[in-house]
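Encoded as structure tokens, the structure appears first; notes follow it.
The values are calculated or read from the model by the stated rules, or taken from the named source; none is laboratory data. Because the structure is a prediction, the values reported are computed rather than measured. All Cβ positions, glycine included, derive from the backbone under ideal geometry; neighbour counts span all protein chains shown. Keep in mind that these areas ignore ligands, DNA and RNA; they rest on the heavy atoms of the full protein, side chains included. Shrake-Rupley method; radii C 1.70, N 1.55, O 1.52, S 1.80 Å.
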Amino acid sequence: MIQTVFLDSDLHGIPSGAMTRGDQPKWVLHHRWYKADHMGYESLAEVVASRLLARSNFNTIAPHVRYTPVLLQVSGRQMTGCASDNFRESGTTLLTLERLHRSLKGVGLAAALGKISGAGEKVQYTTDFVQAATGLDNFGQYLGMLLQADAFFLNEDRHTQNIAILQDNQTRAYRLCPLFDFGLSLLSDIRSQSCYPLTEDVFESIRRVPARPFSADFDEQIEASITVCGANLQFHFSSQDIAAAMEGLDAIYPQAILARVRAVLREQCRRYAFLFS
């Protein structure tokens with residue numbers, strides 16, 4: 001049974017004007033975040049990725065945000081979406097790597113990376129910077145597993161504003177941030193100018209997905225993550241678990257979308273077999 005949540009458009013606000021890819025309408029209510037689909041089936045991608053990440057070793061490093069599917073009623077308009085607990089606890093500040101680098105170096109991380117050639121060198125620079133600035137010695141493992149998860153789920157929205165850490169406002173101590181934001185994954189964009197239409201061959205769509213932020217190639221980012229970070233994400237799920245990860249989604253998404261997501265996951269399991277124990 002999919003929950004229906006009634007929201008007022010003024011609770012948190014839908015961004016005005018033309019929205020960009022990856023910029024879903026968002027609301028916060030009673031310590032819960034709600035996101036609506038904007039480009040296609042971003043919420044489905046969030047839910048499936050979070051369910052499958054639960055069957056991995058990522059949680060030995062840090063938690064990941066758990067998403068559930070919902071129907072949203074906003075000022076009389078029904079939208080498909082997802083919900084999650086607010087992981088930004090009271091008394092903590094979320095610092096994106098872009099913001100952290102700008103505050104300490106006077107320039108954003110994206111600009112700094114633009115002056116470095118090679119994915120490995122960029123990953124090394126980012127790892128060294130964050131560990132020196134925060135004392136989080138396991139940030140390299142976190143970053144490595146994040147990049148491998150992004151490759152598996154075909155996440156094309158991992159820019160430097162989408163990798164973050166948390167800081168306690170009183171003690172100023174840092175800790176790793178729960179892994180979040182897989183909305184633009186699994187070919188979820190079926191509406192924008194850069195989209196992956198349902199009529200397109202799934203293998204051609206997979207071939208076109210660009211990686212971020214250290215290389216446009218997922219395999220190059222994975223190689224860099226293993227070389228620099230020495231971390232290996234390990235999934236522990238089977239084809240039956242993929243079916244379980246899709247459970248309930250047929251109530252709000254058409255079969256054409258569900259069939260494509262299953263096809264993408266099968267191909268990614270084949271392509272990244274080394275990520276499975």
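Taking the Cα centre of segment 23-159 as origin, work out the dipole magnitude from +1 charges on Lys and Arg Cβ and -1 charges on Asp and Glu Cβ, in debye rounded to 20. Don't skip to the end; give the middle numbers.
On the way: 14 positive and 13 negative charges, 47 e Å.
The calculated dipole for segment 23-159 is roughly 220 debye.
Accessible surface of segment 208-277, 1.4 Å probe: 51 percent of it comes from carbon and sulfur atoms.
Within the P(r) computed for segment 192-235, what percentage of the Cα pairs occupies the region above 15 Å? Write out the running numbers ahead of the final one.
On the way: 530 of 946 pairs.
Roughly 56 percent, rounded to a whole number.
Set against the 2.2 N^0.38 Å expectation for a compact globular protein, segment 177-266 has a Cα radius of gyration ratio of 1.24.
Based on a Kirkwood Rh over C-alpha pairs, give the Stokes-Einstein translational diffusion coefficient of segment 125-277 at 20 °C and viscosity 1.002 mPa s in µm²/s. Each step should come with its number before you reach the end.
Details: Rh = 16.9 Å.
Using the Kirkwood radius from Cα pairs, D works out to 127 µm²/s.
If packing is taken as the average count of other Cβ atoms within 10 Å, what order do 159-172, 195-208, 218-231 fall into, highest mean first? Intermediate values should be presented prior to the final figure.
Details: 159-172: 16.4, 195-208: 13.9, 218-231: 19.9.
Put in order of decreasing packing, that is 218-231, 159-172, 195-208.
Note on segment 74-207: along the principal axes its Cα atoms extend 50, 43, 25 Å, ordered by decreasing extent. Remark on Arg191: its backbone amide H falls under 5 Å from those of Tyr196, a criterion applied only to residues 5 or more positions apart or on other chains, H modelled at 1.01 Å from N.
Across the accessible surface of segment 28-162, with the other protein chains kept in place and a 1.4 Å probe, carbon and sulfur atoms take up 47 percent.
Here the label points at Arg270 and Asp201, each 7 Å from Cα along the C-beta direction, are separated by 1.3 nm in the simple model. Ligands, DNA and RNA aside, Thr68 has an accessible area near 60 Å² when probed at 1.4 Å.
Counting only aspartates and glutamates at least 8 places from Lys35 when in the same chain, those with an alpha carbon closer than 17 Å to its own are Asp8, Asp10, Asp23, Glu46, Asp85, Asp157, Asp181, Asp189.
Suppose every K and R has +1 on its Cβ and every D and E has -1 on its Cβ; what is the size of the dipole of segment 147-269 about the Cα centre, in Debye to the nearest 20? Could the numbers behind the result be given before it?
Numbers: 10 positive and 17 negative charges, 54 e Å.
Once rounded to the nearest 20, the dipole reads 260 debye.
Summarising the amide proton neighbourhood of Leu179: residues at separation of 5 or more, or on other chains, whose placed amide H is nearer than 5 Å comprise His64, Val65. Which aspartates and glutamates have a Cα lying under 16 Å from the Cα of Lys105, excluding residues fewer than 8 positions away in the same chain? Cα-Cα hits under 16 Å: Asp128.
Secondary structure note: in the chain, about 80% of the DSSP beta bridges are antiparallel. Towards the positive end of the charge dipole of the chain, with charges on Cβ (+1 Lys, Arg; -1 Asp, Glu), say which of Leu176, Gln78, Leu265 has the farthest Cα. Going by the charge dipole, the pick is Leu176. Sorting Tyr34, Tyr174 on solvent-accessible area from highest to lowest, probe radius 1.4 Å, gives Tyr174, Tyr34. Between the alpha-carbon centres of segment 61-93 and segment 202-277 there is a gap of 22 Å. Using only side-chain charges placed at the Cβ, +1 for Lys and Arg and -1 for Asp and Glu, the dipole size of the chain relative to its Cα centre rounds to 260 debye.
Of Ala151, His30, Phe214, which is farthest along the charge dipole of the chain in the positive direction, counting Lys and Arg as +1 and Asp and Glu as -1 at C-beta? In the chain, that residue is His30. Taking all protein chains into account, the per residue accessible area for the chain stands at 45 Å² (1.4 Å probe). Sequence-ordered 3J(HN,Hα) estimates for segment 261-277 from the Karplus curve with 6.51, -1.76 and 1.60 and θ = phi - 60° stand at 4, 4, 5, 4, 5, 4, 5, 5, 5, 5, 5, 10, 4, 5, 7, 10, 7 Hz, glycine and proline given as x.
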